[in-house]
Ligand SMILES: CC(C)(COP(=O)(O)OP(=O)(O)OC[C@H]1O[C@@H](n2cnc3c(N)ncnc32)[C@H](O)[C@@H]1OP(=O)(O)O)[C@@H](O)C(=O)NCCC(=O)NCCS
């Protein structure tokens, strides 16, 4: 069994600036409808959650990139980060080859300035 990890950290201000300057165009390029609904539900704290999902997608990419035939064929919205009923985040990836990856575990944290995420991919 092979295990690969990926991690990412991002300044929340960077994501806030992109959302404020590019608006819906940025949101729809990076986030799925479900992710947007989750982040918007956090009201004033929403930028932390948007940034966390950006970091999570980067972290997942790092963990799975060697399993992808064409690394850049997936778009941002092919990764969807949603939380289960306990609050734990999970990633769903459209068109991931299930013969290569058994499971991906994800962990997220954020504070006022930064959001960070770590992903662990278990290969078959
Ligand atoms: C859930 C908890 C760990 C979140 O920690 P926090 O310091 O408040 O916040 P962080 O910024 O570090 O983490 C927030 C992220 O935690 C993740 N999270 C929430 N609930 C989770 C759970 N049950 N399992 C795993 N991850 C969880 C989410 O991804 C969330 O970010 P998101 O809403 O953008 O997806 C915390 O609220 C908690 O319940 N702590 C109790 C810990 C405890 O009992 N300790 C004593 C014994 S060890």
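The values are calculated or read from the model by the stated rules, or taken from the named source; none is laboratory data. Remember, predicted model here, so these are calculated numbers, not experimental data. Using ideal geometry, Cβ is built from the backbone for each residue, glycine included, and neighbour counts are taken over all protein chains shown.
A compact table of results
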quantity	calculated
Test for residue 57: is it touching a helix residue (DSSP H, G or I) at 6+ places or on another chain (Cβ under 8 Å), without any contact (Cβ under 8 Å) to a residue 12 or more places away in the chain and either in a loop (DSSP other than H, G, I, E, B) or within 15 Å of the ligand (Cβ to nearest atom) (or both)	no
Qualifying positions in segment 85-97 - over 17 Å from residue 57 (Cβ atoms) and more than 14 Å from the ligand (Cβ to nearest atom)	97
One residue from 35, 13, 17 being part of a helix (DSSP H, G or I) and within 21 Å of residue 104 (Cα to Cα)	35
In segment 95-115, residue farthest from residue 44 (Cα to Cα) [restricted to those that are assigned to a loop (DSSP other than H, G, I, E, B) and touching a strand residue (DSSP E or B) at 6+ places or on another chain (Cβ under 8 Å)]	100
Given (1) crowded, with 19+ Cβ neighbours inside 10 Å; (2) under 12 Å from the mean Cα position of the chain (by Cα); (3) more than 9 Å from the ligand (Cβ to nearest atom), number of the condition residue 121 does not satisfy	(2)
Subset of segment 66-84 [within 16 Å of the ligand (Cβ to nearest atom) and surrounded by 10 or more Cβ atoms within 10 Å (Cβ to Cβ)]	79, 80, 81, 82, 83
Tally of residues being within 12 Å of the ligand (Cβ to nearest atom), exposed (fewer than 14 other Cβ atoms within 10 Å of the Cβ) and either farther than 15 Å from residue 56 by Cβ or without any contact (Cβ under 8 Å) to a residue 24 or more places away in the chain (or both) across segment 98-112	2
Flag for residue 44 being within 16 Å of the ligand (Cβ to nearest atom) and either modelled with pLDDT under 95 or more than 14 Å from the chain's Cα centre (by Cα) (or both)	yes
